């Protein structure tokens, strides 16, 4: 439905805009919790990811894990300074949105950046698995890590093209049956087609497969470490004899499994997937029950919009996890801050 179709013979364009602005004001009040949440993500995420980039670009050893962490921080920073403000802009125009192409671009970037972050988590999990469980130990080079990141970026963009194409400007009914509004969502041309369900199915399959890969990798690491601990305990009690070379080899791998990087990455992975599940749930609900979604209001509508943006949490929480769990990163942050303070003094 076009803008001209929203103009009734009984209303002027100015009257329609005024009516939609009243509805927008009511909606904005409902969105206050989500707007506060997004504002916190922008502040915390921007500062935190800038700190991660400075530390890992200038002070950390050049390894494949460093490439993955830098890539993830760059994407998270892009989310903080570009995509989250775009989400906030969208919430201020849920009744009179007039830029379908902007909606397509923003939804495409949202999808591509989220998929890229998930793929980086998968790559990190596989890297840790190869370092701990492979015999001989297989370490991914920095060159291979860069190629992997480039491939993941292209693959994420490719998978996100359909999702970007089907979005645009969707007509929205108002309490006044003679006036219609518009908002950024699935375009009217695709609302009653199979494309929304297809895109949701692709995204769901992507998340499920990625979760399985990461969980299997970390579970294998955990199993390897626990088995070695049991063997070492039996050795001390004189109940089991093993060749010295085998014991030494496994012990070296166990040290890799217990290193702070593995624990940090496991925590980030779990946090990222858990934060994405509420979004996935409401996305499936909206696709399966569009009529129920259309009549949401008040607290249910506020909760929907909060859950719909839950996946953005990972863009701000990752630096906090680094600070809390990675002693070397925390030490480098303290050194950087003290040196900066001395320079200013």
**Item:** Residue that is more than 24 Å from residue 60 (Cα to Cα) and touching a strand residue (DSSP E or B) at 6+ places or on another chain (Cβ under 9 Å), where the choices are 302, 294, 288
**Value:** 294
**Message:** Cβ-Cβ under 7 Å, sequence separation 6+ or interchain: first residue in the stretch 325-341 and within 10 Å of residue 260 (Cβ to Cβ), partner surrounded by 11 or more Cβ atoms within 10 Å (Cβ to Cβ) and modelled with pLDDT under 85. Which pairs?
**Reply:** 325/260; 326/260; 327/260
**Message:** Can you go through 75, 82 and tell me which one is in contact with a helix residue (DSSP H, G or I) (Cβ under 8 Å, 6 or more places away or on another chain), farther than 30 Å from residue 22 by Cβ, surrounded by fewer than 18 Cβ atoms within 10 Å (Cβ to Cβ) and modelled with pLDDT of 95 or more?
**Reply:** 82
**Request:** Select from the stretch 287-320 the residues that are buried (at least 19 other Cβ atoms within 10 Å of the Cβ) and over 19 Å from residue 87 (Cα atoms) and write down the one among them that is nearest to the chain's Cα centre (by Cα).
**Result:** 318
**Test: residue 23 is modelled with pLDDT of 95 or more, outside any loop (DSSP other than H, G, I, E, B), out of contact with any strand residue (DSSP E or B) (no Cβ under 6 Å at 6 or more places or on another chain) and under 30 Å from residue 174 (Cα atoms)** = no
**Request:** Quick one: count up the residues across the stretch 267-286 that are touching a residue at least 60 places away in the same chain (Cβ under 8 Å) and surrounded by 18 or more Cβ atoms within 10 Å (Cβ to Cβ).
**Result:** 7
**Message:** Just the residues that are within 16 Å of residue 91 (Cα to Cα) and either under 28 Å from the mean Cα position of the chain (by Cα) or in a loop (DSSP other than H, G, I, E, B) (or both), please, taken from the stretch 163-203.
**Reply:** 167, 168, 169, 170, 182, 183, 184, 185, 186
**Flag if residue 150 is within 23 Å of residue 315 (Cα to Cα), without any contact (Cβ under 8 Å) to a residue 12 or more places away in the chain and in a helix (DSSP H, G or I)** = yes
**Message:** Based on this model, can you work out whether residue 340 counts as surrounded by fewer than 18 Cβ atoms within 10 Å (Cβ to Cβ), at pLDDT below 85 and in a helix (DSSP H, G or I)?
**Reply:** yes
**Message:** Quick check on the stretch 229-246. Is at least one of its residues crowded, with 19+ Cβ neighbours inside 10 Å and either assigned to a helix (DSSP H, G or I) or modelled with pLDDT of 90 or more (or both)?
**Reply:** no
**Fill in**
Going through the stretch 34-72 in order, the residues found to be surrounded by fewer than 15 Cβ atoms within 10 Å (Cβ to Cβ), touching a helix residue (DSSP H, G or I) at 6+ places or on another chain (Cβ under 7 Å) and free of Cβ contacts under 8 Å to residues at least 40 places away in the same chain are 57
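The values are calculated or read from the model by the stated rules, or taken from the named source; none is laboratory data. Just so you know, these numbers come straight off a predicted model, no measurement behind them. As a convention, Cβ positions derive from the backbone with ideal geometry for all residues, glycine included, and neighbour counts pool all protein chains shown.
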